[in-house]
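A short worksheet on the structure shown next.
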Amino acid sequence: MTLSAATAPAAESAARGPGLRLTLILGALSAFGPLSMDMYLPGLPSLTRDLGASASTGQLTLTGCMLGLAGGQLLAGPLSDSLGRRRPLLAGLVGYIAASVACAAAPSIGLLIVLRFIQGSLGGAGVVIARAVVRDLFRGAAAARVFALLMLVTGVAPVFAPLVGGQLLAITSWRGVFIVLAAIGVPLLVTTLLWLPETLPLERRHGGGLGTTLHTFRRLLSDSSFMPPAVAFSLAFAAMFAYIAGASFVLEDVFGVSPQVFSVVFAVNSVGLIAASQIGGRIVGRVGAPALLRFGVFGVALGSVGVLVVTIAHAGLAALLIGLFVILSSNGIVFPNGTAAALAEQEGALGSASALLGMGQFGMGALIAPIVGVGGAHDALPMAIVIGVCGVSSLAVNLAFGPAPGPGRGPGL
């Protein structure tokens, strides 16, 4: 395999676009998060019953996966800056397949939580390295467009994962869902091995080591071009993840929705996320990623306040679903533009910056998952409160610390 295509200048890459095969591979790698979480969501209530756990304890299987995704990115991102993108990625794929099989055989909720952490850690390599590959090849508004295009692929996962999970529960148990996750990893491993080139040439790599990694993280944490979009991005994701963690219990146990109908609701919200990301991708070149990021976090805050109000007012299922749809659709704008804005000025440390961005994203989600379940399986208010706080906080951070929106902000933005 040659490096010629992978090491082409960013301007040339932006001109020719990522290509269908590269887009599909990177999108599938980026989908490890939603695949690992969303496919088994319809079976989460039955999983907690089968293993004799409470709703809050069952949601720790989500927390474990999220912490793993966060921690795995902190390891795989810096490794990919020093070793190249392919080797850490292939190792993570092999481990993810093995961990998914182990999850299917877990005999207790405690062991399943541990295995979900391991599964998430190994899957995190795909998430963080896919982002780094995009920024190896594209800059500024071009990178934002590619991230939006990846959302088209990544967004298919939350559309179909719960639908597939809900239908699988009609013929198998939640354990069968983890076997399917392992099976999905096999063709992805093969296609990555055969068709994903190395995008970080030797001359752009830097020495690894704990000291170098910690120094890079310290610099990023004090970088005013990185932290505001990264924090706003993470808080918006936390609002969405509160929905992911609590929706199956709220819709199925509070409103009496079946797992199959829940899957349809989840899919409709995900379609909104995909559609919004594609609209943003078409206009980012004219308005800039910072402007779209601000518009997106405003939508997340609006939907989050709406969810809290209708929950307190007991306004019913339809009003709740409208608020959730606004949150998901707005995140379709936040994700690609928040990512592009955060990574815009991080040449030379793209793996580490992508890792820290992922750590904030999935770490925040891991923290809020058990909070959503504190009221048990029959109370929607904890989910609504977490959504409201995270959504409003995302907008507040962006307004207080984010760059002034407008074309031409940052390289290529």
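See the values below:
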read-out: Karplus 3J(HN,Hα) series, Hz, for segment 262-275 with 6.51 cos²θ - 1.76 cosθ + 1.60 (x for Gly, Pro); value: 4, 4, 5, 4, 4, 5, 4, 4, 5, 4, x, 4, 5, 4
read-out: Three-way shape call for segment 27-92 based on the alpha-carbon gyration tensor, with the a/c threshold at 1.5; value: prolate
read-out: Gaussian network model of the chain, Cα within-10 Å springs - most flexible of 70, 148, 315; value: 315
read-out: Alpha-carbon Rg/Rh ratio, for the chain, with Rh computed the Kirkwood way; value: 0.95
read-out: Gyration tensor (alpha-carbon) shape descriptor, segment 271-369, a/c threshold 1.5; value: oblate
read-out: By accessible area with a 1.4 Å probe, ligands and nucleic acids excluded, highest first: order of 297, 186; value: 186, 297
read-out: Projected-area mean, segment 124-224, by convex hull of Cα positions, square nanometres; value: 9.5 nm²
read-out: J(HN,Hα) series, segment 120-127, from Karplus relation 6.51 cos²θ - 1.76 cosθ + 1.60, nearest Hz, glycine and proline x; value: x, 4, 6, x, x, 4, x, 5
read-out: For residue 44, net neighbour charge (Lys/Arg +1, Asp/Glu -1) across residues whose Cβ lies under 14 Å away; value: -1
read-out: Largest to smallest accessible area among 109, 279 [probe 1.4 Å]; value: 279, 109
read-out: Top of 301, 369, 318 by mean-square fluctuation, Gaussian network on the chain, Cα under 10 Å; value: 318
read-out: Global geometry of segment 36-180, whether rounded, prolate or oblate, following the gyration tensor of its Cα atoms and the 1.5 cut on a/c; value: prolate
read-out: Listed residues 187, 78, 42, most fluctuating in the chain (Gaussian network, C-alpha, under 10 Å); value: 187
read-out: Computed helical MRE - 222 nm, the chain, DSSP H runs ≥ 4 contributing -39500 (n - 2.57), nearest 500; value: -26000 deg cm²/dmol
read-out: Semi-axis lengths, Å, segment 212-327, gyration tensor of Cα atoms, sqrt of 5 times eigenvalues; value: 31, 18, 14
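The values are calculated or read from the model by the stated rules, or taken from the named source; none is laboratory data. Because the structure is predicted, anything quoted here is derived from the model rather than measured. Cβ atoms come from the backbone with ideal geometry, glycine included; neighbour counts cover every protein chain shown. Heavy atoms of the whole protein, side chains included, go into the accessibility calculation; ligands, DNA and RNA do not. Shrake-Rupley method; radii C 1.70, N 1.55, O 1.52, S 1.80 Å.
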